[in-house]
Amino acid sequence: MSDKLKKILSYVPSAIFPAIIFPPIFLDDLGSLDLENNPKVLAAIFAIIVGYFSRNILATIFAGLVSYWFIIFVI
């Protein structure tokens, strides 16, 4: 495999990840964009903030899950 092809393929995970994550967070059951009163968006924002400062994937996942559950069951 050439070096140019390896460099191009190194960007594939960065391109695929948003395509996998975007629909479950931002789209409702009908496929419409749902930003108002969407607990998944708030939990995702909180997880991004935790991930940015902690640089720890487990802390990011845990923070996202806990904040999502907190928003759903407590608020």
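Using only Cα atoms, find the angle between the long axis of helix 57-73 and the longest principal axis of the chain, and express it within 0 to 90 degrees, rounded to the nearest 10.
On a 0 to 90 degree scale, this one is about 30.
About the Cα centre of the chain, how large is the charge dipole given +1 on each Lys and Arg Cβ and -1 on each Asp and Glu Cβ? Please answer in debye to the nearest 20. Spell out each step's value before the answer.
Numbers: 5 positive and 5 negative charges, 108 e Å.
Using Cβ point charges on Lys, Arg, Asp and Glu, the chain gives about 520 debye.
Taking only C-alpha pairs under 8 Å that are 6+ residues apart, what is the relative contact order of the chain in percent?
Values: 39 pairs, mean separation 16.0, N = 75.
Value for the chain: 21 percent.
If r is the Cβ-Cβ distance from Val12 to Val66 and R0 is 22 Å, what FRET efficiency results, to the nearest 0.05?
Numbers: r = 31 Å, r/R0 = 1.40.
It comes out at approximately 0.10.
Karplus couplings for the range 19-31 from phi (6.51 cos²θ - 1.76 cosθ + 1.60, θ = phi - 60°), rounded to Hz, Gly and Pro as x?
Here the 3J(HN,Hα) series is 5, 7, 7, 4, x, x, 7, 9, 10, 8, 5, 8, x Hz.
Read the figures in this text as sums done on the coordinates, not as results from a lab. The shown structure was predicted, so the numbers you read here are calculated from the model rather than taken from an experiment. FYI the Cβ positions are ideal-geometry reconstructions off the backbone, even for glycines, and counts take in every protein chain you see.
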